[in-house]
Structure formats: C-alpha cells, structure tokens
Amino acid sequence: MKYAIALGSNLGDSRSILESALNRLATVVARSSWYQTKAVTLPNSPPQPDYINGCAILETELEPLELLAKLQQIETEFGRIRHQKWDARTLDLDILLINDVVFQTETLEVPHPRMSDRAFVLVPLAEIAPDWKHPRLNRSIAQLLQSIDASDVKKL
C-alpha cells in the first residue's frame, strides 16, 4: 500500500529528530523538504516554538492500524508525551492518505480530517505528490493547496 504521512516537531533538535524518524521508516519512496511553520494551538494556550514540518510517501505491506502503531511507537521512542490536543511535541507522525481509499475506525481516520485546511501539510505534500487525489474531496493536493493561504510556510 502507498501512504502519505506528515512529520512535525517543535521541541528539541527538531530537524535531527525528523531526519532520524524518517530513517526509521525503511519504506520511504519520496520525501519533501523541511518547512518552518507557526504552531497551531488551542485558544488561550501559551505560545509554542515554531514547527518544522514535512511529508513522506511510504510503500509498505503494513495494514493502516499496523502502520499507525509503528508510527506511535517511533513517536514514543523520540520522547513524545501526549498531554493535551495541540501540545508542543518532539515528534508528530500522522497518516494523511492511503492509496485512494477512505479508512475509518475509532482510532484512525484517513484521509486525515484536517489535512485540507493545513498549509503545513499541503505545501510539503504538494512538493512530492501534487497529483494525488483526496478521495473525499476529489481534488488533487495541488488544487487543495491553491485554495488556502500558505504564506506562513517557509522552506528551510
């Protein structure tokens, strides 16, 4: 199966953490550049450091929930602690797309439900998979990117 994943970090040596995490995924067939973005936070939350974000395309025989478990294991190995939604984190790995299918369980929803609104996801994903169609919206990643403001996403 072909997966698109998002990678992000805003705690610690983010670039090194992201590179190391990417190296743990032996099935990477494409990867984006790294981008610096402002943290998305909950209202009234203290400010956070900027994120470094990127995307990768994986090809693996792992089923979606198996890949999710592997990604969460890698996050834990790099010091990810889950306190509350949108907390700062050493590593965040999200499954964005799986082939051209919709997949939904209690623990995983693909396509990622907020990916089409997030420039920090669409900019790096469009770099490596501009023609990949979002299976719910029936629009390519490049088309989705054109419909949002990506001015705060800076290539490193």
Item to check | Residue that is surrounded by the most Cβ atoms within 10 Å (Cβ to Cβ) [pool: residues in the range 137-156 that are under 29 Å from ALA69 (Cα atoms) and of a type in the set (S, T, N, Q)] | outcome: SER140
Checklist entry - Of (1) surrounded by 13 or more Cβ atoms within 10 Å (Cβ to Cβ); (2) more than 12 Å from the chain's Cα centre (by Cα); (3) in contact (Cβ under 8 Å) with a residue 12 or more places away in the chain; (4) closer than 22 Å to LEU156 by Cα, VAL29 satisfies all except one. Which? => result (1)
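Give the residue, chosen from PHE120, PHE103, that is under 28 Å from PRO46 (Cβ atoms) and of a type in the set (A, V, I, L, M, F, W, C). Spell out the reasoning first.
Working: PHE103 fails: under 28 Å from PRO46 (Cβ atoms).
Going through PHE120, PHE103 in turn, just one is under 28 Å from PRO46 (Cβ atoms) and of a type in the set (A, V, I, L, M, F, W, C): PHE120.
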Item to check | Output for the range 105-136, where each listed residue is assigned to a helix (DSSP H, G or I) and exposed (fewer than 13 other Cβ atoms within 10 Å of the Cβ) | outcome: ASP117
Item to check | Complete set of residues in the range 34-48 that are at pLDDT below 90 and touching a strand residue (DSSP E or B) at 6+ places or on another chain (Cβ under 6 Å) | outcome: ALA39
Item to check | Unmet criterion (only one of (1) in contact with a strand residue (DSSP E or B) (Cβ under 6 Å, 6 or more places away or on another chain); (2) surrounded by 15 or more Cβ atoms within 10 Å (Cβ to Cβ)) for GLU59 | outcome: (2)
Checklist entry - Out of the range 101-151, which residues are modelled with pLDDT under 95 and touching a Lys or Arg at 6+ places or on another chain (Cβ under 7 Å)? => result none
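Is the range 102-116 home to any residue that is touching a strand residue (DSSP E or B) at 6+ places or on another chain (Cβ under 8 Å) and either among the basic types (Lys, Arg) or over 22 Å from GLU66 (Cβ atoms) (or both)? Spell out the reasoning first.
Pass one, the range 102-116, residues touching a strand residue (DSSP E or B) at 6+ places or on another chain (Cβ under 8 Å): 102-104, 108-112, 115-116.
Next, from what is left, pick out any that are either among the basic types (Lys, Arg) or over 22 Å from GLU66 (Cβ atoms) (or both): 116.
The answer is yes, given that some residue of the range 102-116 is touching a strand residue (DSSP E or B) at 6+ places or on another chain (Cβ under 8 Å) and either among the basic types (Lys, Arg) or over 22 Å from GLU66 (Cβ atoms) (or both).
The values are calculated or read from the model by the stated rules, or taken from the named source; none is laboratory data. No experiment lies behind these values; they were computed from the predicted model shown. Cβ atoms come from the backbone with ideal geometry, glycine included; neighbour counts cover every protein chain shown.
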